[in-house]
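Undergrad: Structure in structure tokens, see below.
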Amino acid sequence: MKFATKVIHAGIEPDPSTGAIMTPIFQTSTYVQAAPGDHKGFEYARTQNPTRAALEKNLAALENGVDAICFGSGLAAQDAVIKLLKSGDEILSVNDLYGGSYRQMVRVYAQWGLKSRFIDMYNAENVAREIGPDTKLIWIETPTNPMLKIVDIAAVCAIARKKGIMTVVDNTFASPYLQNPLDLGADIVLHSATKYIGGHSDVVHGCLIVKNQELADKLHFIQNACGAVPGPQDCFLILRGIKTLHLRVQRACENAEKIAHYLLKHPKVSKVYWPGFASHPNHDIAKKQMRMFGAMVSFDLVDNNMAAATKILSSTHLFSLAESLGGVESLIGHPASMTHASIPKEERLKVGLTDSLIRLSVGVEDVDDLIADLEKAL
Ligand SMILES: *Cc1c(COP(=O)(O)O)cnc(C)c1O
């Protein structure tokens with residue numbers, strides 16, 4: 001099946017009891033047994049839920065995996081991955097990691113003796129140099145947030161595999177429509193389905209997709225043993241959102257391309273970060289591993305201060321000032337004070353995340369209206 005067919009049909013069967021074409025919301029906590037142990041494969045809803053099971057089958061197909069494991073949020077999915085490790089182990093991550101991922105590693109897991117280091121992965125050879133004796137997991141995010149840097153997934157995963165180190169790719173910014181890390185050698189794909197996969201800014205959800213059944217079984221064990229499962233209504237909303245994933249992401253990418261070029265020519269804009277520019281340092285890798293260049297665009301101002309950024313952030317109308325991304329509506333954000341406030345300022349400045357940096361999540365509105373909105377604000 002091709003992608004546009006998979007989003008609609010993979011893992012989805014009409015409900016056997018009624019023929020309902022939409023997977024029902026099985027809003028139940030338990031299932032009746034005819035005799036002890038005589039049941040239909042469902043015992044208790046933390047362990048099994050048919051709405052969640054349909055979603056997991058569908059997600060596995062979108063990332064070309066064998067199984068998916070769903071959680072109540074993207075960070076709950078990350079938490080489950082980290083629980084595969086033990087104290088003394090080390091995670092090597094990109095130095096431009098999502099703020100919440102960074103916070104979980106350094107503020108929650110550090111006190112359990114887990115080590116984490118944040119390194120430059122934009123040159124794959126550097127990863128080989130940085131691997132230490134305790135490195136057990138390599139955490140890739142690409143494109144990164146908010147600098148939109150690109151990591152060569154195939155190159156980093158090949159280095160990790162030679163050393164027996166597990167790799168995870170946070171694929172939230174690309175979505176499964178643009179990039180499939182399992183095909184490039186990754187062991188685990190993570191999504192905050194809150195973003196493009198759900199796509200309508202109405203649910204918080206996370207998932208992992210793997211290509212090895214033994215690893216899937218371990219993660220299902222953690223899902224059940226630790227219990228951060230999503231509710232059936234949330235799974236239904238994600239399933240519904242996925243049906244238009246390809247259409248939404250394609251249009252959003254087309255809009256983002258036009259907006260990136262518009263910003264590049266604007267006299268008040270000093271820099272535009274978007275992997276589709278031929279001048280982007282890892283443009284060739286983006287071209288190789290992504291189908292389009294994504295719908296996130298960051299830019300910096302000539303007037304390099306917080307006040308100038310604040311003025312723009314509070315002047316747009318179609319771009320709403322809010323955290324998050326990946327919905328049908330366009331959002332504008334200020335990473336330094338919003339998504340990345342938990343990262344120390346000197347760490348932020350090292351990667352170019354200044355106080356005047358502005359991040360756009362481009363939606364699927366008419367692009368002329370979006371550009372007019374930015375024009376007025378600038
Ligand atoms: C939002 C996000 C997360 C966290 O997901 P939640 O669903 O908010 O818990 C992780 N990684 C990236 C890249 C994100 O954008």
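Undergrad: How about the range 331-357: which of its residues are under 15 Å from F299 (Cα atoms) and among the hydroxyl-bearing types (S, T, Y)?
TA: Correct list: T354, S356.
Undergrad: To continue, here is another question. Quick one: I8 ticks every box in (1) farther than 29 Å from H246 by Cα; (2) out of contact with any helix residue (DSSP H, G or I) (no Cβ under 6 Å at 6 or more places or on another chain) except a single one, so which number is it?
TA: Here I8 clears every test but (1).
Undergrad: Go through the range 139-171 and give me each residue that's aliphatic (A, V, I, L, M), within 26 Å of A278 (Cβ to Cβ) and in contact with a strand residue (DSSP E or B) (Cβ under 9 Å, 6 or more places away or on another chain).
TA: Matches in the range 139-171: I140, M147, L148, V151, I153, V156, V169.
Per-residue answers, yes or no, for (1) crowded, with 21+ Cβ neighbours inside 10 Å; (2) over 19 Å from the mean Cα position of the chain (by Cα); (3) farther than 25 Å from S101 by Cβ:
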{"position": "N305", "(1), (2), (3)": "no, yes, yes"}
{"position": "A308", "(1), (2), (3)": "no, yes, yes"}
{"position": "S314", "(1), (2), (3)": "no, yes, yes"}
{"position": "H317", "(1), (2), (3)": "no, yes, yes"}
{"position": "L321", "(1), (2), (3)": "no, yes, no"}
{"position": "L325", "(1), (2), (3)": "yes, no, no"}
{"position": "P335", "(1), (2), (3)": "yes, no, no"}
{"position": "H340", "(1), (2), (3)": "yes, no, no"}
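Undergrad: Does S279 satisfy the condition of being part of a loop (DSSP other than H, G, I, E, B), in contact (Cβ under 8 Å) with a residue 12 or more places away in the chain and among the hydroxyl-bearing types (S, T, Y)?
TA: no
Undergrad: Something else about it: Among the residues of the range 10-30, what is the count of those that are open to solvent by less than 40 Å² (accessible area, probe 1.4 Å) and among the small types (G, A, S)? Step through it out loud before you land on a result.
TA: Here is the first cut: in the range 10-30, the residues open to solvent by less than 40 Å² (accessible area, probe 1.4 Å) are 10-12, 15, 20, 23-24.
The next check asks that each one be among the small types (G, A, S); those that pass are 10-11, 20.
Within the range 10-30, residues that are open to solvent by less than 40 Å² (accessible area, probe 1.4 Å) and among the small types (G, A, S) number 3.
Undergrad: So which pairs qualify, if the first residue must be in the range 188-216 and farther than 18 Å from A252 by Cβ, the second must be open to solvent by less than 10 Å² (accessible area, probe 1.4 Å) and aromatic (F, W, Y), the Cβ gap must be under 7 Å, and the two must be at least 6 apart or on different chains?
TA: That search, which allows pairs on different chains as well, returns G206/F71; C207/F71.
Undergrad: Here's something else I'd like to know. Which count do you get for residues in the range 86-136 that are within 12 Å of I343 (Cα to Cα) and of a type in the set (V, I, T)?
TA: So the answer is 1.
Undergrad: Test of understanding: among I371, I343, which residue is in a helix (DSSP H, G or I) and touching a helix residue (DSSP H, G or I) at 6+ places or on another chain (Cβ under 6 Å)?
TA: Step by step, each of I371, I343 is checked, and only I371 is in a helix (DSSP H, G or I) and touching a helix residue (DSSP H, G or I) at 6+ places or on another chain (Cβ under 6 Å).
Undergrad: Okay, moving on. Assess whether F299 counts as being in contact (Cβ under 8 Å) with a residue 60 or more places away in the chain and among the aromatic types (F, W, Y).
TA: Yes.
The values are calculated or read from the model by the stated rules, or taken from the named source; none is laboratory data. Computed from a prediction, not measured in an experiment: that's the story for all the values here. As a convention, Cβ positions derive from the backbone with ideal geometry for all residues, glycine included, and neighbour counts pool all protein chains shown. Only protein heavy atoms, including side chains, enter the accessible area calculation; ligands, DNA and RNA are left aside. Shrake-Rupley method; radii C 1.70, N 1.55, O 1.52, S 1.80 Å.
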